[in-house]
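Worksheet: one structure, shown below.
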Amino acid sequence: MKTIWFHLMPYPELPDDFTDEHRSVWVDIDPALFDARVGHRMYNEYIDELEFAASVGFDGVGINEHHSNAYGLMPSPNLIAAALARTCPDAALVVLGDSVALYNPPIRVAEEFAMLDCISGGRLVAGFPVGTPMDTLYAYGNNPATLRERYHEGIELILKAWTADDVFSFNGKYSKLRYVNCWPRPAQKPHPPIWIPGGGSVDTWEWCARVGYSYLYLSYFGYKAALKTMQGFWKCVEDAGRPANPFQAGFAQFFGVADSEAEAIELYREPAEYFFNRCLHVYPGFADPPGYKTLNTVRNGAEGMVERAAREANERAAQAAKKAERKAAQQSFSAASHMSFEQMVEKGYVIVGNPDQVAEKTVEMAKQLRIGHVMSLCHFGNMSRDLAMHNTELMATKVLPQIRHLWDDEWEDEWWPQPLPASDRVMPSPRPTVSR
Amino acid sequence: MIDLAQWKAGSLEIWREGEGRTVGYLHGMVCAPGRQPFVTELASRGFEVVAPSLPGYSRTAPSDDIRNIHDWVFALSEIIDVAGLAGAPMVASSTGAMLALELAAVRPEAFSSLVLVAPLGLWRDDLPVADPFSTTLSGQRALLTKDPTTTALFFEDHESGDALVDATIQRYTARTATASLVWPLPEFGLSQRIHRVSCPVTLVWGSDDQIIDPSYADSFAACLRDVRGRHVVNGAGHLAEWDDPSAVASIAASALN
């Protein structure tokens, strides 16, 4: 099993009264809350953490794309990936990814991913998410009625740009290009492995199963709640007549490792509560715009991940309001609407414990969901760099050795990057000393 | 009477009611078109009202070919031909009114006259048109009409089992069709074409329109060639013909006569 150290890059200083005073962490969050000094520190510390994770033995480092979002401050994951391509010489670069429909024309994605693949010597995983409604429709103004068609057409263009032997014209419905000629070309042939991050779209399951892409369920709500979704995906794989290779699937999970369970609970309580109770404060009105879901998904009654976040926040608020009304208590609305860390652990949102406990639960998760790729979130919320690195080191040195070999004797990871041979690889050279 | 005609994308639902001079009715955003009190009110004033449902609404097939305003205008042009409404007077509401203006700008003979209820299509930075979708369903109802019960047919479940699933899909498709017309904001360059609209126009606005401020009537009047009347329906919201069918029907009948 491969473990990718995945960063969301949340803004770490949202005020304590954020959920009381602001309606959403996404789309219309108050610009005045952003302090560039915090941004400067945050980006540098977060890149430190990713580089540290690569250095202590994680199989890959992962990043993704969000817009107008205080819990995901990577409007351009490719910028971060470019930095990591130079400083993380061995880890896979898992970019999850570029939201194809937001790039006009999408050939830009083909070019930048090809650059990353060349700089890194063939270590790129090319993630192609549709993107959330908040990112694609509200922040970037795409039309929900045409978003998915635009997305699929964009992927078609990118793949052809990477693989065509000749310059070609592309007469798409949304992209019309007289000359398509992607320079540079990716280092991996025919192209980097493609992973599709998704929520609960039935059509995405069927598509990944049919064409053989790796499906990645990026849920924030833990492995216990993910079973139905992953079973849906594996049913599609079966229906498509493909082998149930666990490496065709991945899952995102929060982890908190310490020397003891009690210490883990103490260490990770605050950042987890910050993330789940503050960062996921999404206004429900943004979560389900018409046209975003496919009709199959509507028919199936599936609920998207962000939709769930918004619903849960709303439900907690409603419950809190009722409770407050009943008791006429003086307690604050936000305090009552918060979920406790114990509840998060109980529901499996965060796997916490000593290394052996975490390893055991992770193997249980991987077997239940049948996944070969774990997107491990060892930084979350307002966690400090020191704590993130402590968590990362324990995970790398004491958990990964216990989980790494899962599936290896039965299945080959066909979705992992194939770097250039060592003889062709160039490492960043030390800077020469210049005498002045 | 409901007709199911055919247009290029498949079925085209057309509601016909009343006898007399033919007048078209083009519905607005989100709602369930077809049989509704306004059509009956207008028909009772001596008209044959012909009300086609736009692509994606009711049983009119959505079209995969519609990707921009040009495609929408082309679709409407075909639909009024199929419905026998070319050259007839048209009462149009909201997004339907925007489309009617867009069509009249490129095909001036499409309508003999227009009665427009809160048309979209222009944009003022000082009074942005509201986003009808970045809200909850109850918030959406409050944006559309002053009296939220008038849109019950669209927003509330009256079915069960498979019929409920079908109704859910139909509502979702209609909301998607609306989204495709107003996303990210409903301004597609009409201000550069609207001077081509040559037929007489009557403007009607609900006094409590929460989507597009009634003062937009000034903006439309300033760039239309032949505005014959301007009316405010007190106590009505954006879809004024749903809030006060009788008042809007009276205004329309008077304008058409």
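The values are calculated or read from the model by the stated rules, or taken from the named source; none is laboratory data. For clarity, every value in this text was computed on a predicted model and none was experimentally measured. All Cβ positions, glycine included, derive from the backbone under ideal geometry; neighbour counts span all protein chains shown.
At a glance:
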quantity	calculated
Any hit, the stretch A:138-157, residues being farther than 30 Å from residue B:71 by Cα and either touching a helix residue (DSSP H, G or I) at 6+ places or on another chain (Cβ under 6 Å) or surrounded by fewer than 23 Cβ atoms within 10 Å (Cβ to Cβ) (or both)	no
Which listed residue is without any contact (Cβ under 8 Å) to a residue 60 or more places away in the chain and more than 16 Å from residue B:95 (Cα to Cα), from B:254, B:219, B:250, B:246	B:254
Inter-residue pairs, beta-carbon under 7 Å, first in a loop (DSSP other than H, G, I, E, B) and in the stretch A:216-241, second basic (Lys, Arg), 6+ apart	A:221/A:308; A:222/A:347; A:240/A:210
Candidates B:83, B:130, filtered to the one that is within 14 Å of chain A (Cβ to nearest Cβ), over 13 Å from the mean Cα position of the chain (by Cα) and either in contact (Cβ under 8 Å) with a residue 60 or more places away in the chain or surrounded by fewer than 16 Cβ atoms within 10 Å (Cβ to Cβ) (or both)	B:130
Subset of the stretch A:118-139 that is more than 19 Å from the chain's Cα centre (by Cα) and over 18 Å from residue B:178 (Cβ atoms) - its residue that is farthest from the other protein chains (Cβ to nearest Cβ)	A:121
Residues of the stretch A:141-194 classified as within 14 Å of another protein chain (Cβ to nearest Cβ) and part of a loop (DSSP other than H, G, I, E, B), total	10
Boolean, residue B:78 is surrounded by fewer than 18 Cβ atoms within 10 Å (Cβ to Cβ), in contact (Cβ under 8 Å) with a residue 60 or more places away in the chain and either outside any loop (DSSP other than H, G, I, E, B) or within 14 Å of chain A (Cβ to nearest Cβ) (or both)	yes
Residue selected from the stretch A:288-307 under the condition farther than 22 Å from residue A:230 by Cβ and either at pLDDT below 90 or touching a strand residue (DSSP E or B) at 6+ places or on another chain (Cβ under 8 Å) (or both), by the criterion surrounded by the fewest Cβ atoms within 10 Å (Cβ to Cβ)	A:295
Filtered residue count, the stretch B:53-68, keeping only those that are within 11 Å of chain A (Cβ to nearest Cβ) and within 17 Å of the chain's Cα centre (by Cα)	3
Meets criteria (small (Gly, Ala, Ser) and surrounded by fewer than 18 Cβ atoms within 10 Å (Cβ to Cβ)) for residue A:212	yes
Any hit, the stretch A:119-126, residues being hydroxyl-bearing (Ser, Thr, Tyr) and either crowded, with 21+ Cβ neighbours inside 10 Å or assigned to a helix (DSSP H, G or I) (or both)	yes
Pick from the stretch B:141-160, criterion of a type in the set (Gly, Ala, Ser) and more than 13 Å from chain A (Cβ to nearest Cβ), ranking: surrounded by the fewest Cβ atoms within 10 Å (Cβ to Cβ)	B:160
The stretch B:28-44, residues that are buried (at least 19 other Cβ atoms within 10 Å of the Cβ) and more than 14 Å from chain A (Cβ to nearest Cβ)	B:28, B:32, B:33, B:34, B:36, B:38, B:39, B:41, B:42, B:43
Those residues of the stretch A:241-289 which are β-branched (Val, Ile, Thr), away from chain B (no Cβ under 14 Å) and more than 21 Å from residue A:223 (Cα to Cα), in sequence order	none
Residue list for the stretch A:344-390, restricted to those being at pLDDT 95 or above, assigned to a helix (DSSP H, G or I), touching a helix residue (DSSP H, G or I) at 6+ places or on another chain (Cβ under 7 Å) and among the basic types (Lys, Arg)	A:385
Qualifying residue in the stretch A:70-80 (condition: surrounded by 24 or more Cβ atoms within 10 Å (Cβ to Cβ), in contact with a His (Cβ under 7 Å, 6 or more places away or on another chain) and either modelled with pLDDT of 95 or more or not in a loop (DSSP other than H, G, I, E, B) (or both))	yes
Pick from the stretch B:175-193, criterion assigned to a helix (DSSP H, G or I) and within 8 Å of another protein chain (Cβ to nearest Cβ), ranking: nearest to the chain's Cα centre (by Cα)	B:178
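Residues checked against (1) more than 17 Å from residue B:194 (Cβ to Cβ); (2) assigned to a loop (DSSP other than H, G, I, E, B):
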| position | (1), (2) |
| --- | --- |
| B:42 | yes, no |
| B:45 | yes, yes |
| B:49 | yes, no |
| B:56 | yes, yes |
| B:71 | yes, no |
| B:102 | no, no |
| B:124 | no, yes |
| B:129 | no, yes |
| B:135 | yes, yes |
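A quick yes/no check of all residues on (1) surrounded by fewer than 16 Cβ atoms within 10 Å (Cβ to Cβ); (2) under 13 Å from residue A:281 (Cα atoms):
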position: A:12; (1), (2): no, no
position: A:19; (1), (2): no, yes
position: A:22; (1), (2): no, yes
position: A:32; (1), (2): yes, no
position: A:35; (1), (2): yes, no
position: A:42; (1), (2): no, no
position: A:46; (1), (2): no, no
position: A:49; (1), (2): no, no
